[in-house]
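A short write-up of the structure that comes next.
The values are calculated or read from the model by the stated rules, or taken from the named source; none is laboratory data. Just so we're clear, the structure is a prediction, and the values are computed from it rather than from any experiment. Virtual Cβ from ideal backbone geometry, glycine too; neighbours counted across all protein chains shown. The protein model used for the area step is the full one, side chains on, heavy atoms only, and it has no ligands, DNA or RNA in it. Shrake-Rupley method; radii C 1.70, N 1.55, O 1.52, S 1.80 Å.
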Amino acid sequence: AGRHPYHKAVVSTQSTAGRHPYHKAVVSTQSTGGGSNSMNKLAVEATLINQNFSQQCLKREQKQFARPNPFVSKEDPEEPSSVCYRYRKFPLLGPGEAYTVICRTQVDAVTSSSTGEEQLMCIKALNEWDLKGGNSEWRQKLDTQRGDILTTEMKNNKCKLAKWTVSSILAGADLLKFGYITRSMPRSSSESIGHAILSTQQFIPKQFAAQISLDMNNAWGILRVIVDKCMQLKDGKYVLYKEPAKPILRIYKVPQNTFEENDDSDVDQD
């Protein structure tokens, strides 16, 4: 198992907060440095934390599935990250024509329950980046006020948590594991910012969905509306755009070669 070689998804930070961290970075004079708190840097940091944390939670022995990773060949020079892709089929119900949705889902680990039953797990990481005066609030409060910290994350990163929860449910995962990660401040200006794992917490995906007021029936209904609208459009390439901080979706038609030229180089530069 391994990651798709052209995987470009980045993990957002504070996407549903009242004020985006980018605005703080402009006037930041903390030892963390304004540059490390820019919008793009925070997204890259959160993405790398999630990729590394999911691998650090694993043991060396691997679970072998019936089929090999579809994105990895024997000629690949490096060993891929350990993940499992599951292709699952769902009926998309609603008025009119019925549709079938095929999802490529991802599971990060296999574990055992107290009864020895095999369970599938998705692993994600929540990271603390805004160290006030160089001090970690999570280090001080995580053991005694974990519920408050998670509630704050639900407020500031509701979209990210909902996305992770939906992904876990679609994958048929039995558990959703969160890691709480904070920054380790460098001792000198020549050192880069490090990170420390403070704690972990596990949830049953459907129960966590109820905790964050995520209704899967509503989610499927939204998808059905989007599919019905797209089926009315002429053949072509379109962009589905969500208005920031507004419950509005827009569909724009774009030229057929949009996003194809210099796509990889643009991502690397970001």
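Annotations
- Meets criteria (open to solvent by 50 Å² or more (accessible area, probe 1.4 Å) and out of contact with any strand residue (DSSP E or B) (no Cβ under 6 Å at 6 or more places or on another chain)) for residue 48: yes
- Yes/no for residue 126 being touching a strand residue (DSSP E or B) at 6+ places or on another chain (Cβ under 9 Å) and either outside any helix (DSSP H, G or I) or within 24 Å of residue 14 (Cβ to Cβ) (or both): yes
- From 155, 132, 163, 141, residue being of a type in the set (Lys, Arg) and closer than 22 Å to residue 104 by Cβ: 163
- Residue 81 over 20 Å from residue 172 (Cβ atoms), out of contact with any helix residue (DSSP H, G or I) (no Cβ under 9 Å at 6 or more places or on another chain) and not in a strand (DSSP E or B): no
- Scan of the stretch 152-189 for residues that are of a type in the set (Ser, Thr, Tyr), part of a helix (DSSP H, G or I) and modelled with pLDDT of 95 or more, ordered by number: 165, 167, 168
- Qualifying positions in the stretch 147-162 - open to solvent by 60 Å² or more (accessible area, probe 1.4 Å) and either of a type in the set (Ser, Thr, Tyr) or touching a residue at least 24 places away in the same chain (Cβ under 8 Å) (or both): 151, 152, 155, 158, 159
- Among the residues of the stretch 73-100, those identified as surrounded by 14 or more Cβ atoms within 10 Å (Cβ to Cβ) and either of a type in the set (Phe, Trp, Tyr) or touching a strand residue (DSSP E or B) at 6+ places or on another chain (Cβ under 7 Å) (or both) are 83, 84, 85, 86, 92, 99.
- Once the stretch 127-145 is narrowed to residues that are more than 20 Å from residue 201 (Cβ to Cβ) and touching a helix residue (DSSP H, G or I) at 6+ places or on another chain (Cβ under 9 Å), the residue that is least open to solvent (accessible area, probe 1.4 Å) is 131.
- Meets criteria (within 30 Å of residue 131 (Cα to Cα), touching an Asp or Glu at 6+ places or on another chain (Cβ under 6 Å) and open to solvent by less than 80 Å² (accessible area, probe 1.4 Å)) for residue 200: no
- For residue 103, the criteria (1) open to solvent by 80 Å² or more (accessible area, probe 1.4 Å); (2) assigned to a strand (DSSP E or B); (3) touching a residue at least 24 places away in the same chain (Cβ under 8 Å); (4) of a type outside the set (Gly, Ala, Ser) hold in every case but one, which is (1).
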